[in-house]
Every structure is written in structure tokens, then in C-alpha cells.
Amino acid sequence: VQLQAFGGGLVQAGNSLRLSCKYSGRTFSSSAVGWFRQPPGKEREFVATITWRDGTYYADSVKGRFIISRDNTKNTVYLQMDSLKPEDTAVYYCAADMTFSPHTVRIGNSYRYWGQGTQVTVSS
């Protein structure tokens, strides 16, 4: 399994970006895929996850502003980010695993596969 994240960039506060995570492998439709981010100088944190049954989980900090979705025909998960704030500035990573538990969905170590990061910078 390989994951490739892209779509980051520099935007002004209040604007939107859409990140994409391309999943290479035959198990996409049976995998939970999530997004994590690492702000500068801080620890990695959970952002959102979508399960193979389209169940979604969000961090409180992004709930109502970000939407995670998946397209099984394209083996791709999207993160639509609206109303961006300077505190959303981070390197964003996508991650995947073929096991899922609502108790560990927000824990990075629960995901076996990781993509490279894509930088999102939000200016004030």
C-alpha cells in the first residue's frame, strides 16, 4: 500500500483548500483512511477519518469546517477544508489501515500506512 497526499498550498484565512490522498493498492475499499497534521513546533494531531462504511470522525477543532469523503472508483480520499484559519497551518498527512476501532481512530499509531506530507499554510 502506498499513499500520496497532495493539494496543499498557501491561502488566506477564510478561504478553502481540498487535499487528496491517492491510495495505491487493492484494499482501498476495505480500509479506513485518515488525515493527521503537524503544526510547526507541535506534535502530530488527528484531523479526520473515514471508514470503509463511510463513517466519519473529526477533531473538534475542524468539525463544521472540514469534510472528509472518499471515492472508491478513484481510490482517493478527500479533505475539503473551508473557513481556514492560521492555526490550520501544518503539514498534513494521510494514513490508512485495514482495521478500525472507534476507540483508537484518533491515534496515529493505529494506522499502518502513511503518505508523505503536504504543506498547508494559512495567512492572516
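The values are calculated or read from the model by the stated rules, or taken from the named source; none is laboratory data. The model shown is predicted, which means the values in this text are computed figures rather than measured ones. Positions of Cβ are generated from backbone atoms using ideal geometry, with glycine treated the same way; all protein chains shown enter the neighbour counts. We work out accessible area using only protein heavy atoms, side chains counted, and drop any ligands, DNA or RNA first. Shrake-Rupley method; radii C 1.70, N 1.55, O 1.52, S 1.80 Å.
Points to keep in mind about this one:
- Filtered residues of the range 32-44 (kept if in a loop (DSSP other than H, G, I, E, B) and open to solvent by 20 Å² or more (accessible area, probe 1.4 Å)): Pro40, Gly41, Lys42, Glu43, Arg44
Residues checked against (1) open to solvent by less than 40 Å² (accessible area, probe 1.4 Å); (2) touching a residue at least 12 places away in the same chain (Cβ under 8 Å):
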{"position": "Arg53", "(1), (2)": "no, no"}
{"position": "Tyr57", "(1), (2)": "no, yes"}
{"position": "Lys63", "(1), (2)": "no, no"}
{"position": "Thr73", "(1), (2)": "no, no"}
{"position": "Val77", "(1), (2)": "yes, yes"}
{"position": "Asp82", "(1), (2)": "no, yes"}
{"position": "Thr89", "(1), (2)": "yes, yes"}
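- Within the range 91-108, tally of residues that are under 17 Å from Gln4 (Cβ atoms) and open to solvent by less than 50 Å² (accessible area, probe 1.4 Å): 6
- Flag: Val47 does not match the condition of being part of a loop (DSSP other than H, G, I, E, B) and within 13 Å of the chain's Cα centre (by Cα).
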